[in-house]
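Have a look at the structure below, then the notes.
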Amino acid sequence: MKLGIVGLPNVGKSTLFNAITKACAEVANYPFCTIKPNVGVAIVPDKRLDFLKKLYNAKKTVPAIVEFVDIAGLVKGASKGEGLGNQFLTHIRETAAIVHVVRCFESKDITHVMGGVDPLRDIEIIDMELILSDMESILKRLERLEKDVRLNDKKILAQKELAIKVKAHLNDAKPVRTLELNDDEKTMIKDFFLITSKPVLYVCNVSENDLPSMENKYTAVVKSKTKEGQVIPICAKIEAELLELSENDQEAFLKDLGLREPGLNRLIRAGYDLLGLATFLTAGEAEARAWTIKKGFLAPQAAGVIHSDFERGFIRAEVMSFDDLFRLGSEKIVKDAGLLRSEGKEYLVKDGDIIEFRFNV
Ligand SMILES: Nc1nc2c(ncn2[C@@H]2O[C@H](COP(=O)(O)OP(=O)(O)OP(=O)(O)O)[C@@H](O)[C@H]2O)c(=O)[nH]1
Ligand SMILES: [Mg+2]
């Protein structure tokens, strides 16, 4: 599960990306925080794991992860070769969601490619370049489909129809995510790898002077133009500075700034949510662990995330909610209160379920 980072040059994409991978190295001692120079792993912050580790005397915690892909900034006209062009967008075609970084900080030292701070103009420029890139891609696909259509295959005909619909929408300068699609089309369109069909999170990179609220006149405009919950304000510079400090100093620094937690945590959790993901937990002496599932997974599918044998031989799931365990303080009390449930194949797994699977292969 990956998130692709887009934005104009010099808005703070790499600053954020570096902070994410550095945090990964520090928090989890995870050996593969950077997979490739531009693909980094983010640890999904989850305090529940620390509680479980203590309660079960677990040797370690294993957090959930999501990946971020950093690419070069796009400029106006990138689709026609301006700046570095738009070739590197291929790196994010196969991601599941987009993080759009928008400059909301003023600085005389850091050049703004468009001359001055204007987030809505910047968002429009990037959106347009992404739309143009998707247009290139859909035209190529249509060309191929025109050839294949002679095979008179139902699937190819349906794809062609959808491609024509998408092309018309892009031609109106609209992102594909605003195109209304039925369920079949939603499934089909995933294989088109269109950037504007993916959900978006706007990250407003604010100035260090805007802490602790992280609100300024620029973030207000961005918020007014986007949907609820789609905007995360963050100060990339502070996030980077924070990670230069020891753990104790980090806490003091956050407190000084009036912050409860690093902004990265909010960003990573929002990204996880945007991807439609949820976490179930397992706990024992070996480890306290967070497992990633798609929202809507049934118990056997969740079991399959641990091991395919668990799914194949699924019998039932012993489930308690983290909140009950946290409130009551021990597994025994949860059990005595009748809150440890035995669930079957149709059980819809919820975020925060602590599960032990019974299986037989
Ligand atoms: N004052 C201030 N400077 C920042 C902030 N975020 C990033 N910068 C600075 O802006 C410059 C560009 O940041 P990068 O993270 O390299 O920008 P980018 O978006 O990756 O740029 P490209 O890779 O060229 O597209 C660096 O000098 C950063 O230190 C911020 O929140 N406040
Ligand atoms: Mg960069």
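Can you show me the helix-derived [θ] at 222 nm for the chain, built from DSSP H runs with n ≥ 4 at -39,500 (n - 2.57) apiece and divided by the number of residues, rounded to the nearest 500.
Estimated from H runs of four or more residues: -12500 deg cm²/dmol.
Determine, for each peptide in 297-307, 187-197, the mean count of other beta carbons within 10 angstrom over its residues, then list the peptides with the highest first.
Those peptides, ordered most packed to least, come out 297-307, 187-197.
Below 8 Å between Cα atoms, with a sequence gap of 6+, how large is the relative contact order for the chain in percent? Kindly include the intermediate steps, with their values, before the conclusion.
Numbers: 618 pairs, mean separation 67.5, N = 361.
Normalised by residue count, the contact order of the chain is 19 percent.
Just to check I understand the Karplus step: with θ = phi - 60° and J = 6.51 cos²θ - 1.76 cosθ + 1.60, what whole-Hz values come out for the range 61-68, glycine and proline as x?
Whole-Hz 3J(HN,Hα) from phi for the range 61-68: 10, 10, x, 7, 10, 9, 10, 10.
With every protein chain left in place, what is the accessible area per residue of the chain in square angstrom, probe 1.4 Å?
53
What is the sum of charges, Lys and Arg at +1 and Asp and Glu at -1, for the other residues whose Cβ falls under 14 Å from the Cβ of residue 136?
Result for the neighbourhood of residue 136: +3.
Computed over the Cα atoms of the range 212-346, what is the convex hull's projected area averaged over all directions, in nm²? Walk me through the numbers before you get to the answer.
Numbers: hull surface 48.5 nm².
Mean projected area of the Cα convex hull: 12.1 nm².
Express the carbon and sulfur contribution to the solvent-accessible surface of the chain as a percent, rounded to the nearest whole number, probe 1.4 angstrom.
In the chain, the share of accessible area belonging to carbon and sulfur is 50 percent.
With no solvent and one point per C-alpha, what does the Debye sum give as log10 I(q)/I(0) for the range 140-232 at q = 0.12, 0.19 Å⁻¹?
-0.54, -0.90
Can you work out the Karplus-derived ³J(HN,Hα) for every residue in the range 308-313? Use 6.51 cos²θ - 1.76 cosθ + 1.60 with θ = phi - 60°, whole Hz, and x for glycine or proline.
4, 4, 4, 6, 4, x
What full-extension length gain, to one decimal in nm, is calculated for residue 139 and residue 342 as 0.36 nm per residue of separation minus the Cα-Cα distance?
67.8 nm
Defining a contact as two alpha carbons under 8 Å apart and six or more residues distant in sequence, what relative contact order in percent does the range 132-212 show?
30
List, largest first, the extents of the alpha carbons of the range 89-154 along their principal axes, each in whole Å.
60, 21, 17
Sticking with the crude label model, points 7 Å out along Cα→Cβ, report the distance from residue 110 to residue 261 in nm, one decimal please.
Modelled inter-label distance: 2.4 nm.
Out of 83, 263, 115, any idea which swings most in a Gaussian network model of the chain, alpha carbons joined below 10 Å?
Maximum fluctuation in the GNM of the chain, among the listed residues, is at 115.
Select from the chain the helices, each a whole stretch of DSSP H, whose alpha-carbon atoms run 24 Å or more along the helix axis and whose Kyte-Doolittle mean is at least 0.0; answer none if there are none.
Passing helices, by number: none.
Work out from phi, with θ = phi - 60° and the Karplus expression 6.51 cos²θ - 1.76 cosθ + 1.60, the ³J(HN,Hα) of each residue of the range 106-118, listed in order in whole Hz, and give x for Gly and Pro.
So the Karplus estimates, Gly and Pro as x, are 8, 6, 6, 7, 9, 4, 9, 4, 9, x, x, 6, 7 Hz.
So what's the net charge close to residue 296: Lys and Arg +1, Asp and Glu -1, counting the other residues with Cβ under 15 Å from its Cβ?
Once positives and negatives cancel, what remains is 0.
Just flag the GluC sites (Glu not before Pro) in the range 223-270 sitting in loop per DSSP whose Cβ has no more than 13 other Cβ atoms within 10 Å.
Listed in order of number, the matching sites are 228, 244.
Quickly rank 85-97, 328-340 as a protection proxy: mean count of other C-beta atoms within 10 Å, highest first.
Descending mean neighbour count gives 85-97, 328-340.
Multiplying the sequence separation of residue 193 and residue 250 by 0.36 nm and subtracting their Cα-Cα distance, what value in nm do you get?
Working: separation 57, 0.36 × 57 = 20.52 nm, distance 3.99 nm.
Going from the current span to full extension adds 16.5 nm.
Determine the distance separating the Cα centre of the range 190-209 from the Cα centre of the range 129-188; give it in Å without decimals.
Their Cα centres are 21 Å away from one another.
Give the lysines reachable from residue 335 as a straight Cα distance under 29 Å; neighbours fewer than 8 places away on the same chain don't count.
In chain and number order, the partners are 47, 53, 54, 59, 60, 294, 295, 345, 350.
Seen from all sides and averaged, what is the projected area of the convex hull of the Cα atoms in the chain, in nm²?
With the hull built on Cα positions only, its mean projection is 21.6 nm².
Report, in listed order, any pair from 22/198; 140/160; 217/237 with a Cα-Cα distance greater than 23 Å.
22/198
The values are calculated or read from the model by the stated rules, or taken from the named source; none is laboratory data. It should be emphasised that the depicted structure is a prediction, and the values quoted were computed from it without experimental measurement. Every residue, glycine among them, receives a Cβ derived from its backbone with ideal geometry; neighbour counts consider all protein chains shown. Ligands, DNA and RNA are excluded from the accessible area calculation, which covers all protein heavy atoms including side chains. Shrake-Rupley method; radii C 1.70, N 1.55, O 1.52, S 1.80 Å.
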